[in-house]
Each structure stands twice: as C-alpha cells, then as structure tokens.
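Chemist: Dumping the structure here so I can ask a few things about it.
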Amino acid sequence: MTRVVAVALDGRSYEVAIGPGLIAGAGDRLSRLLPRRRTAIVTDETVAALHANALTASLEHAGIAVSLIVLPPGEQTKSWDGLADLSDRLLALNLDRGDAIVALGGGVIGDLAGFAAAIYKRGMDFIQVPTSLLAQVDSSVGGKTAIDTPRGKNLIGAFHQPRAVLADLQVLATLPAREMRCGYAEVIKYGLLGDRAFFDWLEANGPQVVSGEPDALMHAVARSVEMKAEIVAEDEKEAGRRALLNLGHTFGHALEAETGFGDTLKHGEAVGIGMAMAFRFSAALGLCPGQDAVRAERAIAAAGLATHAHTLPGWPYAADRLIRHMAQDKKAEGGRLTFILARAIGDAVVVKDVEVERLRAFLRSDGAG
Ligand code: NAD
Ligand code: GLY
C-alpha cells in the first residue's frame with residue numbers, strides 16, 4: 001500500500017509518496033518529471049552500495065538515462081567543498097535547467113543536492129528519495145536546503161521545494177539501529193509539538209516503529225509527513241508556525257556544538273535530549289505541567305534515546321558556554337533568546353524574550369556547570 005500526502009504550495013505543490021517498493025516503481029512515478037529522459041542520481045557511498053542499483057534499474061527501465069554521482073558519506077560532505085564538487089560534476093554532465101536531479105540518501109545528500117539544484121544554472125528541479133528515517137519524516141519535505149560552514153550548520157542555503165518525494169519504507173531495513181533512533185526523535189517531535197493523540201499512539205507503538213515493524217512505520221512516517229506538510233503549506237519560509245518544528249533544537253544545537261557536530265552526539269540524539277530539556281524548562285517556568293514533562297521524557301527514553309546530557313563526554317558543560325551557543329543559533333533575534341517551549345504535550349509554542357537568568361538557573365538545575 002502507498003500513502004500519498006500533498007504539500008500544497010500553489011504552483012510548487014508536490015506529493016510525498018510513502019510505502020514499500022517505491023524505488024522499484026520509481027521509473028513509472030517519476031517519468032513525467034523527467035521529460036528529457038535523463039537524470040543524475042546524487043547519493044553517498046553507503047547508500048550507493050545498497051540502493052543505487054535498484055533505483056537506476058527502475059529509471060532505466062522507464063527509458064531514462066542515469067548518471068550516478070557518488071559522494072563521501074557524512075556531514076562533512078554538506079560543505080562548500082562538497083557543493084563545489086557536486087556542482088562541477090553536474091556541469092560536466094552538461095545537465096540543463098530543464099533537467100531534474102534525484103537525491104538518494106539521508107538528510108546530508110538531500111540538503112546538499114537540493115541546494116545544488118537551487119543554484120545550478122539559477123535553479124533546476126530535484127526529486128527527493130530519502131533513505132534515512134530522519135530524511136523521510138523531516139528533511140526531504142518542506143524545501144529547506146543548505147550546507148554547513150566553519151561558522152555553523154545550515155548557514156548557507158535556500159528554500160527550494162522538490163518536485164516529488166518518494167519515501168520507500170523498505171530501504172529503512174538497511175539503516176543502522178542508531179540512525180533509526182535518530183529519526184525517531186524527529187517522529188516523536190511531531191506528537192510533542194502538535195498532536196497529543198499521535199503522541200499517545202507513539203507511547204504504545206514507539207518500539208515497533210524503531211524496530212521497523214511495517215504497519216507501525218507506515219503510520220509513523222505518514223502522520224509525521226502529514227504534519228510537516230500542513231505546517232509548511234501554512235508557513236513555507238518560517239515566518240511563524242514552522243518554527244515549532246525546531247522543538248528541542250536550540251538546546252540540542254548547543255550540545256552538538258559542545259560535542260563537535262560529529263558521531264559523539266548525532267543530530268537526532270541531540271534533539272532527543274533537547275526536547276526533554278525543553279519540556280523540563282517549560283515545567284520549571286510554570287508553563288507546562290510537570291507530569292507532561294515526565295511523560296515526554298519517558299517516551300523519548302523508551303526509544304533508547306538519552307534525555308539528559310549527563311552521559312556526554314566532558315559533562316558538565318558550563319551553562320554560560322551553552323548559552324553562548326544558543327545565542328549564536330539563528331533563532332536568536334537581536335540578542336533575545338527565542339525558544340520553542342510547551343504548554344502541554346501536543347501544544348508547543350514560540351517563546352521570545354526568554355530571560356537569560358532563568359535559562360542559566362534551569363541549566364544549572366539540570367546539571368550544567
Ligand atoms: P545522513 O544523511 O548523514 O545519513 C545518516 C547515515 O545513514 C549516513 O552514514 C548514510 O550513509 C546512512 N544511510 C542513509 N540511508 C541509509 C540506508 N537506507 N541504509 C543504510 N545506511 C543509510 O544523516 P541524516 O540523519 O539522514 O540527516 C541529517 C542531516 O539532515 C543533517 O545535515 C541535518 O542538518 C539535516 N536536516 C535537514 C532538515 C531540513 O529540513 N532540510 C531537517 C532535519 C535535518
Ligand atoms: N526541520 C525544520 C524545518 O523543516 O523547518
């Protein structure tokens with residue numbers, strides 16, 4: 001069975017197809033988006049070895065000529081060098097503005113290939129074929145594309161919507177368990193920020209989602225994508241409600257900055273701790289009932305994700321260093337700190353002008369130095 005979720009953006013609307021076997025059927029589904037019968041698949045070495053042949057075969061079967069561009073795996077590929085390399089390889093293939101490229105991979109490949117598509121000859125189409133759970137539920141939908149620079153993550157980029165997204169649930173069978181947990185952090189985020197009934201369902205079914213049980217996975221991915229599509233359709237450029245998707249990200253970002261944005265603490269793991277901190281902070285401010293913070297923490301922990309920074313190397317980190325990282329985050333406006341906090345499970349809210357003193361007191365009560 002395939003579920004289709006529409007992202008309604010007037011002339012730039014597109015569909016997200018979710019289900020098993022979508023890569024095998026990609027040729028038929030994507031044919032109309034590739035009228036010039038040629039494309040380049042952009043992927044990383046790990047995903048290429050596992051899934052590029054199936055996608056290539058499906059496209060070729062539909063009469064589409066495929067060039068494969070394989071990049072090194074990992075966040076470092078989402079860089080100026082990675083962008084220059086990819087752009088040069090696209091130019092060498094002599095692709096035109098009327099062509100579309102296919103991003104086959106996790107969020108790194110989707111963000112990089114999407115940004116390259118946004119600027120290649122002033123803009124070409126791209127199609128997302130996300131292969132990590134995180135990419136299926138979050139990064140492949142909504143058109144945020146970016147690279148990192150030495151000054152920070154995702155600082156150079158563009159809003160550039162894909163023409164289609166194919167989330168093939170079968171590819172998740174090869175995803176390492178740690179990456180499944182990282183993606184699950186973004187799944188639970190949707191329940192916590194805006195859908196208490198989905199959160200209740202995740203409390204009961206989270207372990208089945210993380211272990212890849214097909215029906216549970218389908219519901220979790222489809223509901224996540226529905227929520228993201230609805231929010232993006234309402235607020236494409238993050239003037240308001242889209243910021244709620246950053247629940248847990250300000251705390252998480254500070255912890256990622258302390259641990260070096262690498263394998264020590266992956267983005268999804270940082271978001272897991274960050275969401276638990278956001279709920280604890282909300283409870284400490286009297287915004288949210290303490291029992292909701294406890295439930296949020298329990299559900300995050302049930303998926304095997306950490307809810308405190310205590311186990312991270314070098315902890316305790318100085319509260320003032322964490323605050324400095326938060327102030328550098330692009331959500332800081334004019335020196336005031338903006339947080340996504342919660343009034344309850346399923347009811348997140350943007351809070352501007354958070355007092356640094358209250359934040360410092362919370363971080364210290366949470367174990368920071
Ligand atoms: P990733 O792309 O690095 O993928 C994680 C790892 O899993 C990689 O080593 C990759 O090779 C491997 N992998 C992917 N699919 C696989 C599969 N099916 N089988 C086996 N291995 C597989 O990272 P990610 O977690 O997918 O994405 C993180 C990135 O996404 C970050 O750069 C983050 O900034 C970005 N992001 C973007 C948005 C957005 O809205 N654009 C949202 C969230 C995150
Ligand atoms: N991942 C946050 C957003 O897409 O807005």
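Chemist: Pick from 161, 136, 328: which is most flexible by mean-square fluctuation in a GNM of the chain where alpha carbon atoms under 10 Å apart are linked?
Modeler: Its mean-square fluctuation being the largest, the pick is 328.
Chemist: Name the residue, out of 309, 117, 296, whose mean-square fluctuation peaks in a Gaussian network model built on the chain with Cα pairs under 10 Å.
Modeler: Residue with maximal mean-square fluctuation among 309, 117, 296: 309.
Chemist: Pick from 270, 167, 216 the residue whose mean-square fluctuation is largest in a GNM of the chain, springs joining Cα atoms under 10 Å.
Modeler: Between 270, 167, 216, it is 216 that shows the largest mean-square fluctuation.
Chemist: Sticking with this structure for a sec: Hey, for a label at residue 237 modelled as a point 7 Å past Cα toward Cβ, could you say which residues of region 154-173 have their backbone N under 15 Å away?
Modeler: Residues 157-161 qualify, since their backbone N sits under 15 Å from the label point.
Chemist: Okay, next question. How would you rank 1, 275, going from fewest to most other Cβ atoms within 10 Å of each one's own Cβ?
Modeler: The fewest-first ordering by Cβ neighbours comes to 1, 275.
Chemist: Between residue 200 and residue 45, with labels modelled 7 Å along Cα→Cβ, what's the label distance in nm to one decimal, could you check?
Modeler: The answer from the label model is 4.9 nm.
Chemist: Now a separate question. Between residue 353 and residue 173, what is the spin-label point distance in nm, taking each point 7 Å from the Cα along the Cα→C-beta axis?
Modeler: 5.5 nm
Chemist: Pairing the Cα long axis of helix 290-302 with the longest principal axis of the chain, what angle in degrees results, from 0 to 90 and rounded to the nearest 10?
Modeler: Helix 290-302 and the main axis of the chain meet at about 40 degrees.
Chemist: Can you pull out the trypsin sites (Lys or Arg not before Pro) in region 100-200 that DSSP calls coil and that have at most 12 other Cβ atoms within 10 Å?
Modeler: Taking region 100-200 and a limit of 12 other Cβ atoms within 10 Å, the loop trypsin sites (Lys or Arg not before Pro) found are 151.
Chemist: Looking at this model, which pairs from 78/352; 153/228; 144/189; 144/266; 121/228 are more than 23 angstrom apart at the alpha-carbon?
Modeler: Flagged as over cut-off: 78/352; 121/228.
Chemist: Within region 217-294, which trypsin sites (Lys or Arg not before Pro) sit in a loop by DSSP and count at most 16 neighbouring Cβ atoms inside 10 Å?
Modeler: Sites meeting the loop and neighbour criteria: 237.
Chemist: To continue, here is another question. Suppose a student asked you for the relative contact order of region 1-84, using Cα pairs under 8 Å spaced at least 6 residues apart; what percent would you report?
Modeler: 26 percent
Chemist: Would you mind getting me the FRET efficiency between residue 61 and residue 97? Use the beta-carbon distance for r and R0 = 35 Å, nearest 0.05.
Modeler: 0.85
Chemist: Mind sorting 147, 101 by how few other Cβ atoms lie within 10 Å of their own Cβ, fewest first?
Modeler: Placing the least packed residue first, the sequence is 147, 101.
Chemist: Restricting to DSSP loop positions (anything but H, G, I, E, B) with no more than 13 other Cβ atoms inside 10 Å of their own Cβ, which trypsin sites (Lys or Arg not before Pro) remain in region 49-110?
Modeler: Those that pass, being in a loop and sparsely packed, are 97.
Chemist: Right, next: Averaged over all directions, how much area does the convex hull of the C-alpha atoms of region 26-148 cover when projected, in nm²?
Modeler: 6.6 nm²
Chemist: Tell me the label-point distance for the pair residue 215, residue 154, using the 7 Å Cα-to-Cβ offset, in nm and rounded to one decimal.
Modeler: Using points 7 Å along Cα→Cβ, the separation is 3.4 nm.
Chemist: What is the extension gain from residue 88 to residue 308, computed as 0.36 nm multiplied by their sequence separation minus the C-alpha to C-alpha distance, in nm to one decimal?
Modeler: Residue separation times 0.36 nm, minus the Cα-Cα distance, leaves 74.9 nm.
Chemist: Divide by every residue of the chain the summed helix terms, -39500 (n - 2.57) for each DSSP H run of at least 4, and state the resulting mean residue ellipticity at 222 nm, rounded to the nearest 500 deg cm²/dmol.
Modeler: Using -39500 (n - 2.57) per qualifying helix, the result is -13500 deg cm²/dmol.
Values in this text are rule-based calculations from the coordinates and carry no lab data. Source: prediction; values computed, not measured. Heads up, the Cβs are rebuilt from the backbone with ideal geometry, glycines too, and the neighbour counts pull from every protein chain shown.
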